[in-house]
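Here the structure is laid out as structure tokens; the discussion comes afterwards.
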Amino acid sequence: MLDSNPKIAVVMGSQSDYSTMQEATNLLEQFSIGCEHRILSAHRTPQRLREYAQEAEDKGIEAIIAGAGGAAHLPGMLAAETLIPILGVPIGNSAMQGLDSFLSIAQMPRGVPVATFSVDGAKNAALFAISMLARKDANIEQKLQAYRDNQTASVPATPINNGASNKKNSDGFDKFLISALLLYLGYNFLKSDKKPTDALPNRLLPNDSSQDEMQRFDKALRQAKDTYFE
């Protein structure tokens, strides 16, 4: 909900971060909490960042949810420019899948804190901001309690057999295929003309492997050979 009297700001380092940060704005809208969005790059638009930090204070923004990937300096730079609480969200779009961003935000120097959430944890950051507002707004507090109650009610007391376990077992076997390939099979073997499963030690496949599983194993090895060694 974008309005002239926003309570929460959702900012990000680039347009590519919006798909992650939109989880925060969607939840704020669900709670009918006014928010606004901005793209503020700590490295490419430093002046815009500084100006917005002051603008946010003048508007009465009560928390800023800031998402950034890579070096992820945006949350820390905002924290240095304003007294508004900064909620940092590491974006997992980097080569290190967000670990670099998480450490960058979490390791702020003493005296300039940033509340750090999990990689791509925009939804939890929004819930945290909502909790802050709920301490002094009975309407928001009531909505937050209802949200928690619904969340609790959605968890079944006993598991339901809906076929998901079969898919899980299938996915697990696929991961086993990949692990076996990486751990036990070398370049020379994959370059050979032998059928891969003929030369495999028995310990690589479970004793009760079905014909279908053996065929999938053979297909996985052949695909790896074609992809990486041809």
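Yes/no matrix, rows are residues, columns are (1) out of contact with any strand residue (DSSP E or B) (no Cβ under 9 Å at 6 or more places or on another chain); (2) not small (G, A, S):
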position	(1), (2)
L27	yes, yes
G34	no, no
R44	yes, yes
Q54	yes, yes
E62	no, yes
A68	no, no
L87	no, yes
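Would you check which residues across segment 24-74 are closer than 29 Å to K143 by Cβ, part of a loop (DSSP other than H, G, I, E, B) and among the charged types (D, E, K, R) and list them?
Matches in segment 24-74: E62 only.
So which residues in segment 78-93 are in a helix (DSSP H, G or I) and surrounded by 23 or more Cβ atoms within 10 Å (Cβ to Cβ), if there are any at all?
L78, A79
Looking only at residues that are within 12 Å of the chain's Cα centre (by Cα) and of a type in the set (G, A, S) in segment 94-122, which one is surrounded by the fewest Cβ atoms within 10 Å (Cβ to Cβ)?
The selected residue is S118.
Please tell me if A125 is in the same structural domain as L78 (by TED's automatic domain parsing), modelled with pLDDT of 95 or more, surrounded by 12 or more Cβ atoms within 10 Å (Cβ to Cβ) and in contact with a strand residue (DSSP E or B) (Cβ under 6 Å, 6 or more places away or on another chain).
So A125 passes the test.
Given the conditions (1) touching a Lys or Arg at 6+ places or on another chain (Cβ under 8 Å); (2) over 26 Å from Y147 (Cβ atoms), and given that I61 satisfies all but one, which numbered condition is not satisfied?
Failed condition: (2).
Do we have any residue at all in segment 13-23 that's in a strand (DSSP E or B) and small (G, A, S)?
no
The values are calculated or read from the model by the stated rules, or taken from the named source; none is laboratory data. These numbers come from a predicted model, not from an experiment. Ideal geometry is used to build each Cβ from the backbone, glycine not excepted, and the neighbour counts take in all protein chains shown.
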